[in-house]
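Just so it is clear, none of the values below were taken in a lab; they were calculated from the coordinates. Computed from a predicted model, the values in this text were never measured in an experiment. So basically every Cβ, Gly included, is an ideal-geometry build from the backbone, and we count neighbours across all protein chains shown.
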Amino acid sequence: MQAKKFGKLVLYNLEGDLSVKTLLDIKDKVNEARQQKLSVALDMRGVESLNSNAVGFFSNVQKKLQLAGGQFYLVCPNEDVFEVISLVGLDDQITIYQDWEEFEAEVIPKYQE
């Protein structure tokens, strides 16, 4: 999992299916970011599908980051992934950018130091 830091924002690039092992790896990274008072964005362009573990995980990440003063973003989920997210109502809780250029223009500059 590649990471890129933009000031107080860290962006993780995800690929494939989000298995339990992958979610545990992401959890460790998110906890590190939370302790450093960073916001987190997950680049979902390479994610093929979500399971219920991922849905619950995203909800928990949103809550924990918000309590720590950070933000959580999902960027460019494919149509199937976005459908799952919206069916369970996470699109009302998590900021989702469907367009990479929009995310780059609106979010990244806010966090650059």
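Here are the numbers for the structure shown:
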{"quantity": "Selected residue [over 22 Å from Gln112 (Cα atoms) and surrounded by 14 or more Cβ atoms within 10 Å (Cβ to Cβ)] from Lys27, Lys21, Lys63", "calculated": "Lys27"}
{"quantity": "The listed residue being closer than 16 Å to Ala3 by Cβ, outside any strand (DSSP E or B), in contact with a helix residue (DSSP H, G or I) (Cβ under 9 Å, 6 or more places away or on another chain) and free of Cβ contacts under 8 Å to residues at least 40 places away in the same chain, out of Asn31, Asn53, Asn60", "calculated": "Asn31"}
{"quantity": "Any pair with Cβ under 6 angstrom, 6 or more apart, that starts in segment 1-23 at a residue that is at negative phi and without any contact (Cβ under 8 Å) to a residue 60 or more places away in the chain and ends at one that is hydrophobic (A, V, I, L, M, F, W, C) and surrounded by fewer than 19 Cβ atoms within 10 Å (Cβ to Cβ)", "calculated": "Val10/Ala3; Tyr12/Met1; Tyr12/Ala3"}
{"quantity": "Given (1) without any contact (Cβ under 8 Å) to a residue 40 or more places away in the chain; (2) in a helix (DSSP H, G or I); (3) touching a Phe, Trp or Tyr at 6+ places or on another chain (Cβ under 7 Å), number of the condition Leu42 does not satisfy", "calculated": "(2)"}
{"quantity": "Test result for Phe57, aromatic (Phe, Trp, Tyr), in contact with a strand residue (DSSP E or B) (Cβ under 7 Å, 6 or more places away or on another chain) and closer than 18 Å to Gln93 by Cα", "calculated": "no"}
{"quantity": "Search result, residues across segment 68-86 that are of a type in the set (Ser, Thr, Tyr) and farther than 20 Å from Val30 by Cβ", "calculated": "Ser86"}
{"quantity": "Filter result (more than 16 Å from Phe58 (Cα to Cα), of a type in the set (A, V, I, L, M) and part of a helix (DSSP H, G or I)) within segment 70-113", "calculated": "Ala105, Ile108"}
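Conditions tested, residue by residue: (1) crowded, with 16+ Cβ neighbours inside 10 Å; (2) not aromatic (Phe, Trp, Tyr).
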residue: Glu32; (1), (2): no, yes
residue: Leu42; (1), (2): yes, yes
residue: Asn51; (1), (2): no, yes
residue: Gly70; (1), (2): yes, yes
residue: Glu79; (1), (2): no, yes
residue: Leu90; (1), (2): yes, yes
residue: Tyr97; (1), (2): yes, no
